[in-house]
Amino acid sequence: MRRLSIVLFFVLAIAAGIGWFVLRQPPKPLEISEPVRIHQGIVIGGIDAENPAIRVFNGIPYATAERWTAPTPPPQWGATSRDTRAFGPECIQPRTRYGTFVNQIIDGMGLSMIERTAARIAMSAQEPPPEAENCLVLNVRTANLKGAEPQPVMVWIHGGAHQYGTGSSGIYQSNGLVEQGVVLVTINYRLGAFGYLAHPALTEEAGTSGNYGLLDQAAALAWVRDNISAFGGDPGNVTIFGESAGAQSVTELMAMPAANGLYHKVILQSGASTGNLLHLKRSPMAGIKSAEEAGADFLSSLAPPAATAADLRAIPSAAIISRGEARSDLNGYFLPVVDGRVIPQPIGAAFRDGLVPKVPMMAGYNADEGSLFYDSLQSPTILRSPITGTLEEREAALAEVFGRNPAKALQALYGMDTPETWDKGATDMLGDDLFGVHMRFVGRTNAEAGQPTYLYHFTRVPPSKRQTIGAFHAAEISFVFDSHLSGMKITAADRKLTDQMVRFWANFARSGNPNGQGLPEWPATSSENDIWLELDATPEPIEGLRARKLDILEEALLQRLQTVAGAPPAAEPSAEPAAALEVAPILPIRQPVQTRPRPPTPAAAEPSVAVSGFITPQPAPATPEPALPQPAPADPAPAEAPAETPTAPPSGSE
């Protein structure tokens with residue numbers, strides 16, 4: 001037996017070495033496709049290796065940007081053809097937290113030791129991706145270069161807590177949606193401190209600061225409007241969709257007047273920024289800094305108090321990444337913020353008050369969203385972390401957040417009645433607190449505005465009996481893109497569900513209605529009927545999903561919005577949002593590239609964060625590192641309770 005074990009060990013070791021070597025080999029270049037002319041010049045893409053009818057164009061610059069400035073028009077290359085077969089650089093970001101998130105999934109799916117080892121070998125064999133601050137590129141996949149009719153366009157915004165990720169990730173580079181008649185665009189945008197840091201010196205220079213990553217996303221949509229017809233896409237039928245921080249970005253774009261008219265439908269997968277209350281210059285609530293205060297604190301050891309915007313831009317990027325690792329308690333502030341210009345009011349208030357574009361919407365979340373986050377937060381709510389101790393201490397803490405009676409009701413509804421049952425119930429509640437309440441809130445407000453709205457609840461769990469993470473955060477992505485990782489267990493029921501979800505998503509992009517021939521019926525939700533479609537082996541409608549639980553959580557959300565933004569206006573809001581370019585111009589409008597006759601473009605429809613969008617107070621590090629004196633805020637804030645440092649957000653997802 002011992003000899004057999006030794007032999008098996010060496011066989012596995014040799015197989016692992018061969019696998020690692022094979023995976024380290026560079027991929028074979030794609031065959032060259034026909035050229036396409038866009039506003040910047042001519043691009044030459046590649047012929048997809050799996051489906052020769054599909055063309056891929058990668059790493060196309062959609063804008064340029066100096067650090068901590070708004071994006072500007074992209075480079076031109078005139079008569080010179082540009083090879084776009086390879087992906088462009090990823091946006092500079094920390095590399096530790098994403099690996100931790102993926103390892104949680106590998107460990108929780110119930111894989112065998114061999115399968116776990118193979119997955120980790122595949123991860124370790126990947127070369128570190130090239131990254132840069134100049135990273136504003138996008139990728140296009142299309143099977144319609146020569147089509148007579150333009151196809152709907154789907155623009156994917158990746159997740160990653162606004163801190164990491166890339167549009168070129170392999171799980172998004174798949175042909176499922178394209179084979180259903182969609183032109184797919186995936187984008188990069190600036191992340192973390194590079195994408196969202198606010199600072200008094202930057203505000204003094206430009207009138208505002210932060211929100212750079214959000215402006216990048218709007219610039220990408222402007223590029224799509226001006227160029228996508230050259231790839232067979234319809235600029236008058238654009239759906240923006242994303243997961244986690246990508247879905248939160250969708251709601252942020254909806255609250256950004258400058259993005260009005262750049263999209264016509266939205267899909268939100270496990271994310272809405274309706275709980276993001278950050279403000280540029282003032283603390284929104286006790287225990288939370290203003291964005292400028294957090295940015296000044298973050299840079300206090302890297303620049304003197306009197307540093308100018310130019311001085312801040314001279315800080316080496318590696319020093320900023322290192323500072324983010326040392327002060328992870330501040331990373332949760334690197335999110336879109338209310339500044340009165342790019343984002344006029346809190347995103348949740350914009351939805352509550354009907355101040356977002358009225359467009360068809362699909363939205364939903366997964367049944368076990370909290371499973372990947374509870375160990376780090378140790379709390380059933382993002383509003384206070386951790387909540388530990390005796391059962392009495394936990395009950396008292398929960399009552400401080402929600403009030404005595406609501407807290408008692410939540411405790412009973414989630415089964416947090418004993419120390420032994422607390423963690424299971426708290427994990428379930430955390431998923432609803434982070435995602436469920438926000439998805440229902442935006443869906444209902446959209447339905448009340450008279451727009452077609454379809455809600456889903458993804459409940460498929462990994463097939464292994466040893467799995468521990470359930471229908472975890474981000475589990476639905478590979479079903480939407482038909483991009484299941486090689487080697488992962490996929491059952492016949494999974495294959496069927498994948499085919500259905502790809503068609504649901506593509507149908508919605510085409511017409512604003514996910515239903516189609518041969519698919520299970522997906523009823524729209526409404527203000528009267530809280531209807532969701534359960535996405536599992538046999539999709540079927542359910543009514544009143546977790547209704548009482550979400551009702552209590554929503555009441556707490558509405559109270560926070562009222563504290564920060566005031567009560568909803570008594571009068572009906574204007575049906576037409578403010579003109580986009582009067583608020584915050586993005587890139588100049590160009591005439592769409594026309595490569596062949598097209599039908600007339602239809603009129604546009606009427607015109608917060610993966611977990612890190614929700615900040616909870618927490619003491620600053622016990623031993624602060626040496627730092628230069630912190631600069632004072634640009635203007636005095638109103639009297640308020642001293643702001644504490646918020647907790648570092650748990651890692652989001654791709």
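The values are calculated or read from the model by the stated rules, or taken from the named source; none is laboratory data. As the structure is a computational prediction, the values presented were derived from the model and not from experiment. Heads up, the Cβs are rebuilt from the backbone with ideal geometry, glycines too, and the neighbour counts pull from every protein chain shown. These area figures cover heavy atoms from the full protein model, side chains too; ligands, DNA and RNA do not enter into them. Shrake-Rupley method; radii C 1.70, N 1.55, O 1.52, S 1.80 Å.
Worth pointing out:
- Residues whose placed amide H lies under 5 Å from that of H199, excluding near-sequence neighbours: G210
- If you plug the beta carbon distance of T388 and R466 into 1/(1 + (r/R0)^6) with R0 = 35 Å, you get a FRET efficiency near 0.80.
- Heavy-atom accessible area ranking, 1.4 Å probe, most first, across S317, S283: S317, S283
- The range 514-541 and the range 321-370: distance between their alpha carbon centers, rounded to Å: 27
- A Förster distance of 30 Å, applied to the separation of the beta-carbon atoms of E127 and A310, puts the FRET efficiency at 0.30.
- Relative contact order of the range 198-295, pairs being alpha-carbon contacts under 8 Å that are 6 or more residues apart, as %: 28
- Backbone HN-Hα couplings from phi across the range 373-378 [Karplus 6.51/-1.76/1.60, Hz, Gly and Pro as x]: 10, 5, 4, 7, 8, 6
- On full extension, the segment bounded by K28 and N529 gains 175.1 nm, given 0.36 nm per residue less the C-alpha separation.
- For D83, distant residues with modelled amide H under 5 Å away: I44
- Under-5 Å amide H pairs with I157, H placed in peptide plane, nonlocal only: F241, G242, E243
- Along the range 544-557 the Karplus relation, 6.51 cos²θ - 1.76 cosθ + 1.60 evaluated at θ = phi - 60°, assigns HN-Hα couplings of x, 4, 6, 4, 5, 4, 5, 4, 5, 5, 5, 4, 5, 4 Hz to successive residues, with x for each Gly and Pro.
- Accessible area expressed per residue, the range 278-356, with surrounding protein chains retained (probe 1.4 Å, Å²): 30
- Once C-alpha pairs closer than 8 Å and six or more residues apart are averaged by separation and normalised to the residue number of the range 386-429, the relative contact order reads 25 percent.
- Using a probe of 1.4 Å on the protein chains alone, the accessible area found for T468 is around 110 Å².
- Sequence-ordered 3J(HN,Hα) estimates for the range 469-477 from the Karplus curve with 6.51, -1.76 and 1.60 and θ = phi - 60° stand at 10, x, 7, 7, 4, 6, 4, 7, 4 Hz, glycine and proline given as x.
- To the nearest 10, the accessible area of M113 is 120 Å² with a 1.4 Å probe.
- Residue list for the range 448-462, given a label point 7 angstrom along the Cα-to-Cβ vector of D536 and an amide N cut-off under 13 Å: 457-462
- Taking the empirical scaling 2.2 N^0.38 Å for compact globular proteins as reference, the range 250-342 has a Cα radius of gyration ratio of 1.29.
- Heavy-atom accessible surface of the range 477-553: percent carbon and sulfur, 1.4 Å: 47
- Rolling a 1.4 Å probe over the heavy atoms of the protein chains gives the range 74-179 an accessible area of 41 Å² per residue.
- Count Lys and Arg as plus one, Asp and Glu as minus one, and take only other residues whose Cβ is under 11 Å from that of M361; the net charge is then +3.
- Fraction of accessible area attributable to carbon and sulfur, the range 135-194 (%, probe 1.4 Å): 46
- What separates the Cα centres of the range 544-570 and the range 384-426 is a distance of 20 Å.
- Accessible surface of the range 293-387, 1.4 Å probe: 54 percent of it comes from carbon and sulfur atoms.
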